[in-house]
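These notes are about the structure you will find just below.
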Amino acid sequence: MSKKPTTKKTTARKPVRSKKSQKVISWKRADGRLFDELRPLKIESGVLPNADGSAYIEMGRNKILCGVFGPREMHPKHQAKPNEAVLRCRYHMAPFSVDPRRSPAPSRRDQEISMVMRSALEPAVFLERYPRASIDVYIEVLEADGGTRCASINAAAVALVDAGIPMKDLVAACAVGKIEDKLIVDLGDYEDKKGQSDMPVAYMPKLNKVTLLQMDGNMSAEENEKALNLAIEGCKKVYEVQREALKKKYGIDQPQDRPPKEFPPEEPAEEPQNEEGPE
Amino acid sequence: MSANFQDRDLVIPGDVVFEGRIRTGENTYRQQDQVYATRLGLVNYSPDNVNVVALSAGYTPLVGDVVIGEVVDIDLGEWKIGIGAQTEAVMGIPDAVDRPFRTDYIMTRILDIGDTLVAKIVDLDRRRTPILSILGPGLGKVYDGFIMRITPSKIPRLIGKKGSMINMIIRETGCRIVIGQNGRILISGPNREREEMVVKVVTKIELEAHTSGLTNRTQEYLRQLKERSQ
Amino acid sequence: MSKNNIVSHLKQKKISEVLSTGKRMDGRGFGDFRELTIKRNILFKSEGSAEVWLGKSHVMVGVKVGTGTPFEDTPDEGVLMTNAEFTPIANAAWEPGPPNEASIELARVVDRGIRSAEILDTASLCIISGKLVQIVFVDLYVLNYDGNLIDACSAGAIAALMGAKKPVYSVVEKEAKPTGEKVPLTIRKKPIAVSVIKIGDNLIIDPTADEEDVMDCRLTVTFDEEGNICTMQKSGSVGLTVDEIKKCINMAQEKAPEIRAKAIGD
């Protein structure tokens with residue numbers, strides 16, 4: 001979904017239920033991926049004209065839009081916090097995003113994901129800079145294919161930066177699961193449903209902190225540790241795509257594209273009066 | 001001590017722009033030995049300071065700023081004015097009317113909901129709410145023209161060094177232009193064509209604010225627009 | 001549908017001033033549409049879909065074909081349901097929540113256009129008479145608001161329905177099962193809605209959000225391919241003279257064919 005015609009082919013098709021498919025030496029998943037391979041990932045920033053910040057993500061066949069508004073006056077006022085901004089996340093799915101069609105009304109799952117998104121993103125945002133304000137993060141899932149909460153967090157982090165909200169770090173998310181006793185990264189819908197375990201993880205790459213950790217299924221303590229490390233590696237890969245998405249909007253991406261050395265020729269008229277020093 | 005990027009490199013929040021002792025400027029923060037960027041922008045190194053010029057940021061109200069806003073509510077002797085900041089601004093009657101205060105002033109006769117005004121931030125109260133005043137030259141209710149919005153962080157670029165950019169635009173188009181630090185621009189011209197020229201030029205500046213040679217390119221662009229209209 | 005429900009007096013004044021010179025704020029003529037782009041079949045999980053950009057207004061339409069029980073008074077007919085969602089990402093002033101009157105009006109106007117023109121062959125959607133029929137859901141999802149959502153959604157709905165496929169069912173001993181095959185929906189006509197708004201004495205087509213903020217009223221007319229009128233809807237608190245109504249209908253009728261051409265993909 002973008003202004004240019006999309007002729008994107010995705011590799012995640014409905015898997016063939018072959019019982020003897022795992023004879024190859026490097027084990028491949030139903031859609032042909034290796035255990036630590038992410039689905040095709042594309043992120044664009046600044047796609048919604050009316051939002052303060054926005055991002056669009058395609059993670060496998062997931063298509064998710066995120067719009068950020070704020071910091072702005074909090075309504076209703078009695079819910080505002082005196083010392084910091086309130087980060088409000090709303091995860092919502094279009095009725096046509098799943099099969100069969102679902103009602104547009106928010107479900108309990110929607111509310112849970114909204115809440116974990118907030119927990120995943122809050123540690124990265126300088127909320128204390130905007131007392132009594134709200135920062136609203138709205139997710140709209142246009143098409144779902146497994147791992148939407150991770151994809152949503154990935155889009156939200158980019159949208160927050162696009163909105164110019166001061167952040168300590170980005171947040172990247174990736175899920176690890178288990179299928180046929182093997183750990184796999186970035187589960188597709190099929191693997192989500194048929195797998196033995198699902199562990200979504202969100203991570204701040206530069207600060208090296210995990211901000212979201214959920215898990216269901218069945219894992220030994222050893223598997224769990226391996227899975228967490230695998231997830232973090234996956235998050236780091238996502239982070240690179242997020243960084244590119246942010247830079248791409250300004251067309252400055254490689255060192256050689258940097259403007260020539262006679263800088264800076266024109267300084268802004270007023271020196272910034274607001275010295276944001278150390279906290 | 002090390003600068004991890006080159007001057008004018010694009011950085012994102014979380015990038016470590018400097019390691020060691022240095023004064024931290026705008027859009028950076030320090031954790032122990034490392035200085036991180038907090039916004040997407042171009043990093044700027046000078047001998048005693050590192051800062052990031054943000055490419056995208058909301059408006060943070062500062063005392064002394066001239067802003068353009070709209071009245072959104074009237075309540076208990078105060079107008080509430082939307083200026084695109086994290087909270088609405090307020091203005092009391094003494095800051096709007098120069099004459100001795102009369103308790104039966106009908107506020108809507110001075111400024112009504114939906115009115116646009118150019119005001120100055122005279123104070124930030126203890127809850128960081130901007131307090132506005134329209135007493136002063138160039139301030140007051142706006143009767144003519146229209147408002148254009150751009151990213152607040154691009155405003156300094158639109159003004160230019162000592163006003164060089166904006167004065168050039170005013171001169172070449174003959175339009176009246178008032179710039180609000182909150183990213184709103186009031187434009188009022190002799191005819192619609194001239195006003196549209198200003199819109200085109202400002203749009204171009206907003207897109208290319210982070211590049212060099214902009215004043216010259218803008219002047220050239222304006223010249224072309226004027227030629228085409230002849 | 002204005003941004004804060006507060007209309008800027010300055011904006012109102014400026015728009016009227018510019019209109020009185022025969023132009024609009026964005027330089028268009030009174031009868032001009034903005035750039036319209038429609039892409040079909042972009043969603044894999046929907047039976048039909050379309051994405052519409054009309055100026056900066058951006059809408060996604062999804063068509064899903066499900067099953068359910070028919071209405072009691074039409075036991076042999078499938079069902080059409082149209083729903084509109086004003087998502088909070090589309091406009092700073094839109095809050096998440098249940099549908100408001102504007103989104104309900106939008107859904108119902110588009111729905112009436114589809115229903116009045118009888119474009120869907122509802123008999124072909126019947127699986128077991130009185131028990132099981134197919135239900136066609138048309139979901140109008142607004143992603144960015146810059147005016148004239150009705151026209152954008154109506155064109156999008158037609159585009160999505162044109163490309164939609166429905167699952168085929170086989171009925172064996174009163175049990176219905178999907179065969180796995182999909183066939184295109186039978187779409188008999190292609191009604192297109194065109195809206196005209198009134199600002200002062202001016203009638204203008206395809207309003208932007210700013211123009212809608214200061215409009216006096218709106219008349220939406222839906223035409224089929226033969227130029228017949230399928231539906232009409234007037235909204236807004238100012239009245240229209242019969243003469244103005246005639247003018248609106250003419251203006252709208254002129255534009256319907258080119259919008260239809262984009263929707264069906266010529």
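The values are calculated or read from the model by the stated rules, or taken from the named source; none is laboratory data. This structure is a prediction, so every number in the text was calculated from the model and none was measured. So basically every Cβ, Gly included, is an ideal-geometry build from the backbone, and we count neighbours across all protein chains shown.
The table below gives the values:
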{"quantity": "Where B:Ala57 falls short, out of the listed (1) more than 14 Å from chain A (Cβ to nearest Cβ); (2) in contact with a helix residue (DSSP H, G or I) (Cβ under 8 Å, 6 or more places away or on another chain); (3) in a loop (DSSP other than H, G, I, E, B); (4) not acidic (Asp, Glu)", "calculated": "(1)"}
{"quantity": "Single residue of region B:114-167 satisfying the filter (of a type in the set (Gly, Ala, Ser), over 11 Å from B:Gly180 (Cβ atoms) and touching a residue at least 24 places away in the same chain (Cβ under 8 Å)) that is surrounded by the most Cβ atoms within 10 Å (Cβ to Cβ)", "calculated": "B:Ser153"}
{"quantity": "Number of the exception - C:Ile119 against (1) within 19 Å of C:Ala209 (Cβ to Cβ); (2) more than 13 Å from chain A (Cβ to nearest Cβ); (3) in contact with a helix residue (DSSP H, G or I) (Cβ under 8 Å, 6 or more places away or on another chain)", "calculated": "(1)"}
{"quantity": "Among the residues listed as B:Arg128, B:Arg223, the single one being modelled with pLDDT under 90 and outside the structural domain of B:Glu78 (by TED's automatic domain parsing)", "calculated": "B:Arg223"}
{"quantity": "Subset of region C:137-166 that is farther than 16 Å from C:Arg260 by Cα and among the hydrophobic types (A, V, I, L, M, F, W, C) - its residue that is nearest to the chain's Cα centre (by Cα)", "calculated": "C:Leu140"}
{"quantity": "Only one of C:Val142, C:Val194, C:Val214, C:Val171 that is touching a strand residue (DSSP E or B) at 6+ places or on another chain (Cβ under 9 Å) and under 30 Å from C:Cys126 (Cβ atoms)", "calculated": "C:Val171"}
{"quantity": "Filter pass, B:Met107 being more than 12 Å from every other protein chain (Cβ to nearest Cβ) and at pLDDT 95 or above", "calculated": "no"}
{"quantity": "The one condition in (1) farther than 15 Å from C:Gly156 by Cα; (2) surrounded by 17 or more Cβ atoms within 10 Å (Cβ to Cβ) that C:Arg28 fails to fulfil", "calculated": "(2)"}
{"quantity": "A:Ile64 vs. criteria closer than 16 Å to C:Leu43 by Cβ and touching a residue at least 40 places away in the same chain (Cβ under 8 Å)", "calculated": "yes"}
{"quantity": "Among the candidates C:Val65, C:Val18, C:Val79, residue that is in contact with a Pro (Cβ under 9 Å, 6 or more places away or on another chain), away from chain A (no Cβ under 12 Å), crowded, with 16+ Cβ neighbours inside 10 Å and aliphatic (A, V, I, L, M)", "calculated": "C:Val79"}
{"quantity": "Residue list for region C:46-62, filter: touching an Asp or Glu at 6+ places or on another chain (Cβ under 8 Å), among the small types (Gly, Ala, Ser) and more than 9 Å from every other protein chain (Cβ to nearest Cβ)", "calculated": "C:Gly55, C:Ser57"}
{"quantity": "Single condition A:Ile179 does not satisfy, out of (1) touching an Asp or Glu at 6+ places or on another chain (Cβ under 6 Å); (2) under 20 Å from A:Leu212 (Cα atoms)", "calculated": "(2)"}
{"quantity": "Strands (runs of 3 or more DSSP E) fully within region C:174-266 counting 3 or more residues that are in contact (Cβ under 8 Å) with a residue 12 or more places away in the chain and surrounded by 14 or more Cβ atoms within 10 Å (Cβ to Cβ)", "calculated": "C:192-199, C:202-205, C:217-223, C:229-235"}
{"quantity": "Every residue from region B:42-80 that is under 14 Å from B:Ile113 (Cα atoms) and of a type in the set (S, T, N, Q)", "calculated": "none"}
{"quantity": "Residues of region C:21-44 satisfying the condition of being among the small types (Gly, Ala, Ser) and in contact (Cβ under 8 Å) with a residue 12 or more places away in the chain", "calculated": "C:Gly31"}
{"quantity": "Some residue of region C:146-164 being surrounded by fewer than 24 Cβ atoms within 10 Å (Cβ to Cβ), in contact (Cβ under 8 Å) with a residue 24 or more places away in the chain, out of contact with any strand residue (DSSP E or B) (no Cβ under 8 Å at 6 or more places or on another chain) and closer than 30 Å to C:Glu17 by Cα", "calculated": "no"}
{"quantity": "Residues that are within 15 Å of the chain's Cα centre (by Cα) and farther than 22 Å from C:Lys45 by Cβ, drawn from region A:68-113", "calculated": "A:Val68, A:Cys89"}
{"quantity": "Filtered residues of region B:105-118 (kept if part of a helix (DSSP H, G or I) and over 18 Å from B:Ile131 (Cα atoms))", "calculated": "B:Thr108, B:Arg109"}
{"quantity": "Hey, A:Lys81 at pLDDT 95 or above and over 20 Å from B:Leu40 (Cβ atoms) or not", "calculated": "no"}
{"quantity": "Qualifying position, being more than 12 Å from every other protein chain (Cβ to nearest Cβ) and of a type in the set (Val, Ile, Thr), among B:Val52, B:Val67", "calculated": "B:Val67"}
{"quantity": "Elements of type strands (runs of 3 or more DSSP E) contained in region A:127-187, each with 1 or more residues being without any contact (Cβ under 8 Å) to a residue 60 or more places away in the chain, more than 9 Å from every other protein chain (Cβ to nearest Cβ) and surrounded by 24 or more Cβ atoms within 10 Å (Cβ to Cβ)", "calculated": "A:172-179"}
{"quantity": "Residue under evaluation C:Ser129, criteria (1) among the polar types (S, T, N, Q); (2) within 11 Å of another protein chain (Cβ to nearest Cβ); (3) free of Cβ contacts under 8 Å to residues at least 60 places away in the same chain, criterion not met", "calculated": "(2)"}
{"quantity": "Unmet criterion (only one of (1) within 16 Å of B:Glu26 (Cβ to Cβ); (2) of a type in the set (Ser, Thr, Tyr); (3) touching a residue at least 12 places away in the same chain (Cβ under 8 Å)) for B:Thr87", "calculated": "(1)"}
{"quantity": "Subset tally (residues that are more than 8 Å from chain A (Cβ to nearest Cβ) and either surrounded by 23 or more Cβ atoms within 10 Å (Cβ to Cβ) or touching a helix residue (DSSP H, G or I) at 6+ places or on another chain (Cβ under 8 Å) (or both)) for region B:11-41", "calculated": "6"}
